[in-house]
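Report on one structure; see the data block that follows.
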Amino acid sequence: MSTKAVLITGANGEIGHGLVTRLTEKDPSLRIVAIDVHPLSQTLRERCHEVIVGDIMDSSLLDRLAAFYDFGTIYHLAAILSTKAEREPVLGHRVNVDGTLGLLELAARQARATGENVKFLFPSSIAAYGLPDVPTKMKAGKVKETEWLDARTMYGINKKYCEDLGRYYNWYYRQIDPQPTAAHVDFRALRFPGLISAVTLPTGGTSDYGPEMMHYAAQGKEYRCFVPESATLPFMVMPDAINALLTLEATPAKNLTQVVYNIGAFSVSAKDFYDVILKAFPGATVEFRPDALRQKIVDSWPADVDDSLARREWGWRPEYDFRRSFEEYLIPAVKQRYAK
Ligand code: NAD
Ligand code: AKB
């Protein structure tokens, strides 16, 4: 008989850290199977039932997992983020699209074998959007899930396509089979804004300037910000991002009319970040030296998102606005982190 477990890919990443910790705090007996190409830290390893240092592209590894485990829920976090995927687009496509397809197939096979739906949580991104220029972006304000979907980066295109793949696996998978399967992949995606964690530093993304500015200031390091002061994006702190994943996972399928939901917390400019960071770390040195090419990516992402659907259907509500994020979570935690 197979062992019941939760699968987390990309477990060593920023969201992985928060998710593994929160899931095991909630239920210490939960069996987590974690995969990442990089080894997990000791503290995370201790919280997992099995840790695999491996590649989600390795189909024999996925076959082995399918043979040993019944995954009721899969959190598929492994990805190549926007800046790295723009530098290596073929790698981005392989990991972000082919990798996701492999995981969706694993979930579909498991649903077929067990006769029970497999929940598939997918972190999509504001990168799925593509606005043509800054005036249009600022005029658009809070964008809805169905608007401005002409993504301009390999990463954004990958995310959008994977949302569509998820919709297919959720509602139309093998639709002309004479005998439909009893169970299916219950795909649920969140379009996350830029995330900020006090515990980890981002790598390979484009919204990284916000969290980087804070982590550099806390370490007394000079930061060169690659966007202008006016650059504006939606952001959210990691505790809210984890809450969103867990709340969406726990929502009964009958409450959900869509497979993709925006979630928002606050929309701020790079100058807003600078002001709050300077207040907390008066010696901080930040030089705004925009990189026109990376800035273009930020310019194409929305300034804010309309998350009314998530609020209505599954009760989404961020706990942290901009002020509370910094005063009660980020600043105290990073001060403590770098004081060690
Ligand atoms: P991250 O880069 O910190 O973590 C991704 C993890 O995936 C890394 O630990 C990496 O080693 C692993 N990985 C990459 N390729 C792999 C492969 N082939 N096989 C196995 N593991 C592999 O990113 P994160 O911030 O934790 O993001 C997690 C998910 O959330 C990603 O899908 C990302 O696109 C999405 N997301 C993140 C943000 C954000 O601001 N952090 C915003 C929107 C969406
Ligand atoms: C990135 O910048 O690539 C991510 C994201 C917003 O998806 N942080």
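Under the definition of Cα pairs under 8 Å and six or more residues apart, what whole-number percent is the relative contact order of segment 141-288?
31
State to the nearest 20 debye the size of the charge dipole of segment 236-337 about its Cα centre, where the only charges are +1 on K and R beta carbons and -1 on D and E beta carbons.
140
Ranked by accessible surface with a 1.4 Å probe, highest first, in what order do K159, K139 come?
Ranked from most to least accessible, the order is K139, K159.
Going by accessible area, probe 1.4 Å, with all protein chains left in place, what is the ranking of W171, W316, W148, largest first?
W171, W148, W316
Over the chain, what is the relative contact order in percent, taking alpha-carbon pairs closer than 8 angstrom and at least six residues apart?
Averaging sequence separation for qualifying contacts and normalising by length gives 18 percent for the chain.
Please give the per residue accessible area of segment 31-167, computed with a probe of 1.4 Å over protein heavy atoms only, in Å².
45
How much length is gained if the chain between K221 and D27 is pulled fully straight, taking 0.36 nm per residue apart and subtracting their Cα-Cα distance, in nm to one decimal? Provide the component values of the computation, followed by the final result.
Values: separation 194, 0.36 × 194 = 69.84 nm, distance 3.86 nm.
Net length gain for the segment: 66.0 nm.
Calculate, for A333 and V90, the FRET efficiency according to 1/(1 + (r/R0)^6) with r their C-beta to C-beta distance and R0 56 Å; round to the nearest 0.05.
0.90
With every protein chain present, what accessible area does S2 have (1.4 Å probe, heavy atoms only), rounded to the nearest 10 Å²?
We get 40 Å² for S2.
Using the beta-carbon distance between K139 and R167 and R0 = 35 Å, what value does 1/(1 + (r/R0)^6) give for FRET efficiency, to the nearest 0.05?
Working from the Cβ atoms, E equals 0.75.
Can you give the FRET efficiency for M57 and K254, using 1/(1 + (r/R0)^6), R0 = 35 Å, r = Cβ-Cβ distance, to the nearest 0.05?
Working: r = 35 Å, r/R0 = 1.00.
With R0 = 35 Å, the Cβ-Cβ based efficiency is 0.50.
Where nothing but the Cβ of Lys and Arg (+1) and of Asp and Glu (-1) is charged, how large is the charge dipole of the chain around its Cα centre, in debye to the nearest 20?
I would put it at about 240 debye.
Set Lys and Arg Cβ to +1 and Asp and Glu Cβ to -1, take the dipole of segment 79-337 about its Cα centre, and tell me which of G130, Y261, S230 lies farthest positive.
Y261
Under a crude label model (7 Å from the Cα following the beta-carbon direction), how far is S230 from T146 in nanometres?
It is 3.2 nm.
If I compute solvent accessible area with a 1.4 Å probe over the protein chains, what percent of it on the chain is carbon and sulfur?
That fraction is 52 percent.
What number comes out for accessible area per residue over segment 256-340 if the probe is 1.4 Å? Units Å², please.
Per residue, segment 256-340 has 50 Å² of solvent-accessible surface.
Students often get this wrong, so check it: of K271/K296; K4/K254; K84/K119, which have C-alpha atoms separated by over 22 Å?
With Cα atoms farther than 22 Å apart: K4/K254; K84/K119.
The values are calculated or read from the model by the stated rules, or taken from the named source; none is laboratory data. Predicted, not measured: the structure shown is a model, and the values here were computed from it. Positions of Cβ are backbone-derived with ideal geometry, glycine not excepted, and every protein chain shown enters the neighbour counts. Side chains included, ligands, DNA and RNA excluded: accessible areas come from the protein's heavy atoms. Shrake-Rupley method; radii C 1.70, N 1.55, O 1.52, S 1.80 Å.
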